[in-house]
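Structure first, then comments.
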Amino acid sequence: MPADIDVVAHVVKTIAQTAIANEDYFCDLDSVVGDGDFGYSLARGFERLLDQWDGLSRADVASFLKDVAMVASSRIGGSSGPIWGTGFLRASLVARKAETLDTLTIVAMLRSGIEGIMARGGAQLGDKTLLDALAPLADALEQGAAAGESTPELLARAVAVTTAAAEATKDMQAMRGRAAYTGERSIGSVDAGATAIAVIMRAIAADWPSENQAE
């Protein structure tokens, strides 16, 4: 799954557009046990990102992701801003040290983002958050790379794993955010953040630049 600044920018724009397009859906999911503003916060923040799109650095992947992180941290409302901002920032630090942006580098970027989010928000795997889809995604890409899978195969694996992981949050009890106050009532509904990761992954896979789908 080779990537460069153009591919990374395309992926980030897909994330932004998908968050905006699914604002109501993500809000509906969040309203079951949360405060219902998750979709709104993401959509408004990513709208600001697209408004500033042409001003984001294209010097290299690290600089671009750092700029994305700054906008996400300051423009996405609620707890989502620090979470997404931290994820992008930690990914940029890994990209800065990488010689090439191959699948294993992407895995390292994801894992660094996960570690940063855990440190920033105090969440752990199993707490019913977006981490419960991000961590399986990183593992799936690493396994696919080890198996020598092509980019289309890796993308298909990523979609399947994140979809299943998001669905699995239905059996978890929320331990973070507003949903945590509902206790056992949070069991039985999927987590909005984890589901957002699955929805975004499907959009990324569907619109991955064709020239990067060669084995």
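Points to keep in mind about this one:
- Selection from region 1-56 of residues that are modelled with pLDDT of 95 or more, assigned to a loop (DSSP other than H, G, I, E, B), over 17 Å from the mean Cα position of the chain (by Cα) and of a type outside the set (A, V, I, L, M): Gln52
- Single condition Gly39 does not satisfy, out of (1) under 27 Å from Ala145 (Cα atoms); (2) in contact with a Cys (Cβ under 9 Å, 6 or more places away or on another chain): (1)
- Verdict on Gln143 being surrounded by fewer than 18 Cβ atoms within 10 Å (Cβ to Cβ) and under 21 Å from Gln173 (Cα atoms): no
- Selection status of Ile20, free of Cβ contacts under 8 Å to residues at least 40 places away in the same chain and in contact with an Asp or Glu (Cβ under 9 Å, 6 or more places away or on another chain): yes
- Filter result for Thr162 (within 14 Å of the chain's Cα centre (by Cα) and either touching a residue at least 24 places away in the same chain (Cβ under 8 Å) or under 17 Å from Phe26 (Cα atoms) (or both)): yes
- Restricting region 117-140 to residues that are among the small types (Gly, Ala, Ser) and modelled with pLDDT of 95 or more leaves a set whose member that is surrounded by the most Cβ atoms within 10 Å (Cβ to Cβ) is Ala133.
- Note on region 57-80: residues that are closer than 21 Å to Val8 by Cβ and not in a helix (DSSP H, G or I) total 5.
- Scanning region 102-138 for residues that are closer than 26 Å to Asp6 by Cα and touching a Lys or Arg at 6+ places or on another chain (Cβ under 6 Å) yields a count of 4.
- Selected residue [β-branched (Val, Ile, Thr), touching a residue at least 60 places away in the same chain (Cβ under 8 Å) and buried (at least 17 other Cβ atoms within 10 Å of the Cβ)] from Thr86, Thr14: Thr14
- Selection within region 146-175: residues that are assigned to a loop (DSSP other than H, G, I, E, B), of a type in the set (Gly, Ala, Ser) and at pLDDT 80 or above. The member of this set that is surrounded by the most Cβ atoms within 10 Å (Cβ to Cβ) is Ser150.
- Unmet criterion (only one of (1) in contact (Cβ under 8 Å) with a residue 12 or more places away in the chain; (2) farther than 30 Å from Ala146 by Cα; (3) hydrophobic (A, V, I, L, M, F, W, C)) for Ala59: (1)
- Residue in region 94-133 that is nearest to Ala147 (Cα to Cα), counting only those that are in a helix (DSSP H, G or I) and acidic (Asp, Glu): Asp132
- Taking the numbered list (1) among the aliphatic types (A, V, I, L, M); (2) within 23 Å of Leu137 (Cα to Cα); (3) at pLDDT 95 or above in turn, Val71 passes all entries but (2).
Okay, residues lined up against (1) at pLDDT below 95; (2) closer than 20 Å to Ala156 by Cβ; (3) surrounded by fewer than 19 Cβ atoms within 10 Å (Cβ to Cβ); (4) not acidic (Asp, Glu):
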{"residue": "Gly177", "(1), (2), (3), (4)": "yes, no, no, yes"}
{"residue": "Thr182", "(1), (2), (3), (4)": "yes, no, yes, yes"}
{"residue": "Ser189", "(1), (2), (3), (4)": "yes, no, no, yes"}
{"residue": "Ala196", "(1), (2), (3), (4)": "no, yes, no, yes"}
{"residue": "Arg202", "(1), (2), (3), (4)": "no, yes, yes, yes"}
{"residue": "Trp208", "(1), (2), (3), (4)": "yes, yes, no, yes"}
{"residue": "Gln213", "(1), (2), (3), (4)": "yes, yes, yes, yes"}
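- Any hit, region 55-74, residues being touching a Ser or Thr at 6+ places or on another chain (Cβ under 6 Å) and surrounded by fewer than 16 Cβ atoms within 10 Å (Cβ to Cβ): yes
- Screening Leu110 on (1) touching a Pro at 6+ places or on another chain (Cβ under 6 Å); (2) under 17 Å from Ile15 (Cβ atoms) shows it passes everything except condition (1).
The values are calculated or read from the model by the stated rules, or taken from the named source; none is laboratory data. Small disclaimer: the values here were computed from a predicted structure and weren't measured. Don't worry about glycine lacking a Cβ; one is built from the backbone with ideal geometry, like all the others, and counts go over all protein chains shown.
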